[in-house]
Amino acid sequence: MKLLALLPLLIALSGPALAQPKPAPAAAAQSQPPLRVVEASCGQCRLGLPGKDCDLAVRFDGRAYFVDGTSIDAHGDAHAKNGFCNAIRRAEVRGQVVGQRFVATHFRLLPDSTAAGH
C-alpha cells in the first residue's frame, strides 16, 4: 500500500526530468567552413616549408600550411611523376587553419590536367 501511495509522487517528480530540452546541434556543424580549391604538394620539396621528411601541405591566400587530417601517402606515390614531391596539384579541401597548420575535414585530389593526353 505504501508503494501505491508513493507512485503519484514519483511520477510527478520524474516528469521534469523527462522533459529536458534536447541539445542543439553542434555549432561547428552549422557553420562548416566552405569547400575551397587549393594547391597541394610536398611542403618541403615544392612549397618551401622547413623539414627533412616529405609531408603534405596546401597553399592558399599566398601561404603554405602542413596538413593534419590526411597524409601525403594517402593520395598515391608522392615520388611518381605527378606525385606531390614532383608536382603541385590542385585539391578540393574543407577545414581551417589552427596555429600554423591546416586541419582538413575533407581532402579530395582533383584530376591532373597535365596527364590528360599522356
Full-extension gain in nm, ASP53 to ASP112, via 0.36 nm per residue minus C-alpha separation: 18.8 nm
Based on the alpha-carbon set only, what is the convex hull volume of the stretch 34-110 divided per residue, in Å³? 79
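Quick note: the coordinates plus some simple rules give every number you see, no bench work behind them. This one's a predicted model, so the numbers in the text were calculated from it and none came from an experiment.
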